[in-house]
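Visitor: Let me give you the structure first, and then I'll get to my questions.
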Amino acid sequence: MEAILKANESMIEATSKVKKQKVQQVSLSHMECVAMRLWDVQKDLRKNYDDAGLSAIEVEVRVGMIVDNYRRWKSRSPGKTAVVVDPRSNPSLRFRAGVDHIFARRLRSKLSDQMFHCAVQPLQIMRCDESDNRWTVNSKGELMMAEKKQALDQINLALIAHEYDIRINVATEIAAPLTDSTDPAVLAATGPPVNRALWVVERRKKRTSYTCKDPHMNKWRIDYTEVDIITKAAGAATPSGKIKKEIEVEFELEHAPMLEWLRERDDQQVINKTKVLAGQLIHLLDYCIPFESEAEKEASLLVVNDTYFDMEINKLDMMVKPDAVQAGRKKSDFIGAMPVNLTRQNFMEVQKTDYFITEKSDGIRYLMYVVPAPRATDPSDCIAVLVDRSKTIFKFRGCETVGKALGVGVILDGELVFNRSLKENVFLVFDALLYRGQPLVDKLFGERLETIRTTILTAFARNLPAVLAQESALNAQRNLPTLPGANPLQLVRKVFVPRREFNTLLSKMRLEEGERVFFDPENRAAAPGAPPTSRRHHKSDGFIFQPNARYVFSKHYELMKWKWAELRSVDLQIEIPMEATSNAAGGDWPIYLKCGGPDGTQINCTKRGDTNVGLGEFDTYRLLADMESPELANRNTQSPPIVEVAYDISIGMWSYLHLRKDKDKPNFIDSVMGVFMEQAESISIEELEYSLSASSHGLENDYEVQIEKMKAKLLVWQRSEVARKNGATMSAPAQRK
């Protein structure tokens, strides 16, 4: 960043020229891209406006989505980059401002944090006509102020790794004549008057503004606005149609720091102040708009379509589960244990039974098999492959090396996760079914976990250097280079703790860029000044409760999972009905989400009477774009895609999380009902910790009693606040029996 911001002016001007071309799809980091665009804005405004003119400027960053033919615009640039997109390059490209209601609710929750000042603004009623004249009216419709906003610059930035994109708006407001007189002399002096009867759009804005309390982070204000939109024909007496509700999120540059920045004439000071503004904006964007790393989960995987591997995997499956391959079938089903949702009924069993607990990693589940390499003549010549729940087989980086270090005849249960410290995928091993031809499934989980720690991964770490040296020597004999950065996939043992040590596990959870992350610090010396790293540093969406019992194939009713409320999801199959395309112009795509039902039927989970309670507008844009991904086209199935979605009970809509490229069948209806049961019972993280601590230390589990007391105290506090605000003592209502 320093190198970019301290570049000479000629480099900045060269970048500015690129911006003015019809298409620019040069990828830069978010920080670099925003700094460059703000530099362009400052330079252009400083050149064309005097100090008085600069006072009427406003600079805001609006959150929304760049849409191409009703799909979110996608770039091939990986990672946390930004791309400038010019809609003039394609008539179907447009920036759609706004956010979905589910995202908005979560954002409000974040902004309610004590790090922000909050100010509720008075209701604003704004009307505009077909010429984009705008005027503010009071609740009686009486004219208060009229103006016309003139756009000076609009820069669309696609934030590749985030849920939403942004538009940098630079505008000035021009006062419009306030007279309604028809006197020609008045009209000649003031110009065409505002005719209040000719409004076509009325926007009723309920705005809440947030500013960061940190004095080093307060140059941008976050405006969260709930908008009711009413439309009518020009001159019509009454509005047409129903009220449309939207939510706008904007980052507005505060007036004083904006003027200080725009009026700066010293080039070096402009660079420094631009750096500060860009840094603060990026920090707020990262906090408010979740970072998506789904593309990183499947990096470096190659689909294998070879019946040889199907047969070898069948052999290993039957070593641990003799009936794995059913008569008349060429391959077995996925034999990995599948957890059920934690409910109040089975939570009672957890509190009094011998359980281990681990965090629930937000990755992709695989079984790792080590089989003989095709056409191998040496018994030690083997290869490791990953198999997902749809029984698709994958090769991965260094799969031959990993296979030789583990040895043939191995089945490991685990998950591929993106490690935030190492910036690469690792394979988290959380169970073992077979090791070098010896079944482990009849051992208790504690014994299997110890085998992973003391035998499997210890031998792997011991064998790996020799295997790498052997491969390097072989490459040298063949005059093949050893490529830098070609290290094999890391195998990392997952952390489990006894039930009584749940607090220890919970202490390793933290928030990074608004997402829950598991970070287990390791006792390895880091370079001076470098941040601590860990092989266990990844997104996490809950906890797994593992019984100390033998391995159970497929659904395991004593193996339980708990997720945070907003992440309690199901995997459903999508259906886009034929009528969807005819409604696309109105932004209405009635996408159906279906689960499996009895006798091969499908149950529509988005129908509520005659209403479709499917996905929000922006979630739909994201889903339709994801469906065109190359990875999905390479799957071994022709069935409609499976998506992971969560039902938001406070909004009453489904929220799209991501595609499930590892699955080809939706959840069955009992799994969906289990998630709904989990939502209805609503076991919070606080109750989870309180109850497990009580049961582990012989204390009374009186969580519900204590919560009722806290609720009563909260009501007493609120009544006193209302009374203080109204300047009067309010009588308390009669106590409930």
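The values are calculated or read from the model by the stated rules, or taken from the named source; none is laboratory data. Everything quoted here is computed from the prediction, not taken from an experiment. So basically every Cβ, Gly included, is an ideal-geometry build from the backbone, and we count neighbours across all protein chains shown.
Visitor: Restricting to the stretch 213-242, count the residues that are among the hydrophobic types (A, V, I, L, M, F, W, C), farther than 30 Å from residue 256 by Cβ and either modelled with pLDDT of 95 or more or touching a helix residue (DSSP H, G or I) at 6+ places or on another chain (Cβ under 8 Å) (or both). Don't jump to the end; show me each part of the working.
Guide: In the first step, residues of the stretch 213-242 are kept if they are among the hydrophobic types (A, V, I, L, M, F, W, C); the result is 217, 220, 222, 227, 229-230, 233-234, 236-237.
Narrowing the set further to residues that are farther than 30 Å from residue 256 by Cβ leaves 229-230, 233-234, 236-237.
Still in the running and either modelled with pLDDT of 95 or more or touching a helix residue (DSSP H, G or I) at 6+ places or on another chain (Cβ under 8 Å) (or both): 234.
Result for the stretch 213-242: 1.
Visitor: Here is a further query. For the stretch 333-384, how many residues are of a type in the set (D, E, K, R) and under 25 Å from residue 427 (Cα atoms)? Break it down into steps so the answer makes sense when it comes.
Guide: Applying the first criterion (of a type in the set (D, E, K, R)) to the stretch 333-384 yields 333, 344, 349, 352, 354, 359-360, 362, 365, 375, 378, 381.
Retained after the next criterion (residues that are under 25 Å from residue 427 (Cα atoms)): 333, 359-360, 362, 365, 381.
Number of matching residues: 6.
Visitor: Could you tell me whether the stretch 128-150 includes any residue that is closer than 15 Å to residue 199 by Cα, modelled with pLDDT of 80 or more, among the charged types (D, E, K, R) and touching a Leu at 6+ places or on another chain (Cβ under 9 Å)?
Guide: Yes, the stretch 128-150 contains at least one residue that is closer than 15 Å to residue 199 by Cα, modelled with pLDDT of 80 or more, among the charged types (D, E, K, R) and touching a Leu at 6+ places or on another chain (Cβ under 9 Å).
Visitor: Checking the conditions here, which among 10, 16 is modelled with pLDDT under 75, out of contact with any Asp or Glu (no Cβ under 9 Å at 6 or more places or on another chain) and either surrounded by fewer than 20 Cβ atoms within 10 Å (Cβ to Cβ) or not in a helix (DSSP H, G or I) (or both)? Walk me through how you get there before you give the answer.
Guide: Working: 16 fails: out of contact with any Asp or Glu (no Cβ under 9 Å at 6 or more places or on another chain).
Going through 10, 16 in turn, the sole match is 10.
Visitor: Which residue pairs have Cβ atoms under 8 Å apart, sit 6 or more places apart or on different chains, and have a first residue in the stretch 229-244 that is in contact (Cβ under 8 Å) with a residue 24 or more places away in the chain and a second that is hydroxyl-bearing (Ser, Thr, Tyr)?
Guide: What qualifies is 231/240; 232/238; 232/240; 233/240; 239/231.
Visitor: Looking for something of a type in the set (Gly, Ala, Ser), touching a strand residue (DSSP E or B) at 6+ places or on another chain (Cβ under 9 Å) and more than 30 Å from residue 470 (Cα to Cα) - is there at least one such residue anywhere in the stretch 362-382? Don't jump to the end; show me each part of the working.
Guide: Our first condition is that a residue be of a type in the set (Gly, Ala, Ser); within the stretch 362-382, this holds for 363, 373, 376, 380.
Then drop every residue that is not touching a strand residue (DSSP E or B) at 6+ places or on another chain (Cβ under 9 Å), which leaves 363, 373, 376.
Checking the rest, the ones that are also more than 30 Å from residue 470 (Cα to Cα) come to 363.
Looking for residues that are of a type in the set (Gly, Ala, Ser), touching a strand residue (DSSP E or B) at 6+ places or on another chain (Cβ under 9 Å) and more than 30 Å from residue 470 (Cα to Cα), one finds at least one in the stretch 362-382, hence yes.
Visitor: Can you tell me which of 82, 97 is outside the structural domain of residue 516 (by the TED database), in contact (Cβ under 8 Å) with a residue 12 or more places away in the chain, more than 17 Å from residue 284 (Cβ to Cβ) and surrounded by 13 or more Cβ atoms within 10 Å (Cβ to Cβ)? Explain how you work it out, then say what you get.
Guide: On the way: 82 fails: more than 17 Å from residue 284 (Cβ to Cβ).
None of the others qualify; the one that does is 97.
Visitor: Mind listing whichever residues of the stretch 364-392 are in contact with a Phe, Trp or Tyr (Cβ under 7 Å, 6 or more places away or on another chain) and either polar (S, T, N, Q) or at pLDDT below 95 (or both)?
Guide: Those that are in contact with a Phe, Trp or Tyr (Cβ under 7 Å, 6 or more places away or on another chain) and either polar (S, T, N, Q) or at pLDDT below 95 (or both): 374, 388, 389, 391.
Visitor: Residue 268 - would you say it is modelled with pLDDT under 95, assigned by the TED database to the domain that holds residue 46, surrounded by fewer than 17 Cβ atoms within 10 Å (Cβ to Cβ) and part of a helix (DSSP H, G or I)?
Guide: Details: modelled with pLDDT under 95: yes; assigned by the TED database to the domain that holds residue 46: yes; surrounded by fewer than 17 Cβ atoms within 10 Å (Cβ to Cβ): yes; part of a helix (DSSP H, G or I): yes.
Yes; evaluated as a whole, the condition is true for this residue.
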